[in-house]
Amino acid sequence: MKIITISREFGSGGRKLGEAIAEHFGFDYYDREIITAIAKNQELEEAFVANIMDKSLKKTITRKFRANIDSENVAEISHQDLLIEEQRVLEEIAAKGRDCVIVGRHAEYRLRNFNPYRIFVCADLDARINNCLYYQETNGAETIKQIAKNIQKIDKIRSHNSFVVTGNEWGDPSNYDLVVNTTNWKEIEEMAPVIGGVAMKWFESQEI
């Protein structure tokens, strides 16, 4: 089984790259599907789950969550329940034994026992603004200034939440197998055969 995880700066095109890798190599693909599964399992509205999971995590969760993923006797229980369910969903995906690409959800750390190939996707701010416009992913922002502010806000939350869940610095190259800078790529999907090919070579090396 091969698992490729993709962490990404907002607007860097990590989702598009993940979709393209999965399509090119015939892998299963998981992104919003994880939120859908959590909502179904918890009998909640998908939009509600997405809203909660995208908020900044409270620091009170940090040590207790990492120390015992099954413990529910912690502060911020509603958010904690969703984190626990998210962990279950990720482990169920891995347990299927199928090759897959997983975007976000700190999967590079939370599925570390499955030895995933960990990719981090980044780009400079101007490129990310252009990507948001090109792929129509502006989150309701109407001006360049608003888009930039939105990008910085989301990145700040992702960085904070990554540290809360994993204890690692988000974007630190030492926490990934490959860092991809998409700044000068307009059609990010075109990178998929090469980036995915590197991952395939890495998986082969693990089997030796």
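Stick to Cα atoms and the Kirkwood definition of Rh, then tell me Rg/Rh for segment 1-59. Numbers along the way, then the final one.
Working: Rg = 13.6 Å, Rh = 13.2 Å.
Here the Rg-to-Rh quotient is 1.03.
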Inset, instruction - Could you let me know the centre-to-centre spacing of segment 81-134 and segment 5-60, using Cα atoms, in angstrom? - result: 7 Å
Legend entry - Separation of the residue 183 and residue 33 label points, Cα + 7 Å toward Cβ, nm: 3.4 nm
Inset, instruction - Determine the principal axes of the Cα atoms in segment 106-176, then give the extent along each, sorted from largest to smallest and rounded to whole angstroms. - result: 42, 21, 18
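Quick check on packing: order 6-15, 21-30, 168-177 by the mean number of other C-beta atoms within 10 Å, highest mean leading.
Details: 6-15: 25.6, 21-30: 17.6, 168-177: 14.4.
Most protected by this proxy first, the peptides run 6-15, 21-30, 168-177.
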Legend entry - Calculated [θ] (222 nm, deg cm²/dmol) that DSSP helices of n ≥ 4 give over the chain, each run adding -39,500 (n - 2.57): -16500 deg cm²/dmol
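Averaging over all projection directions, find the projected area of the Cα convex hull of the chain and quote it in nm² with one decimal place.
On the way: hull surface 46.2 nm².
If I average the Cα hull's projected area over directions, I get 11.5 nm².
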Inset, instruction - With the Cα gyration tensor of segment 152-208 in hand, give its eigenvalues times 5 under a square root as the equivalent ellipsoid semi-axes, listed largest first in whole angstrom. - result: 25, 19, 8
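Using a 1.4 Å probe on the protein chains only, how many percent of the accessible area of segment 114-208 belongs to carbon and sulfur?
51 percent
The values are calculated or read from the model by the stated rules, or taken from the named source; none is laboratory data. Worth saying up front: this structure is predicted, and the values here are computed from it rather than measured. Cβ: placed from backbone, ideal geometry, glycine included. Neighbour counts: every protein chain shown. Quick note on the areas: whole protein, heavy atoms, side chains included, nothing else; ligands and nucleic acids left out. Shrake-Rupley method; radii C 1.70, N 1.55, O 1.52, S 1.80 Å.
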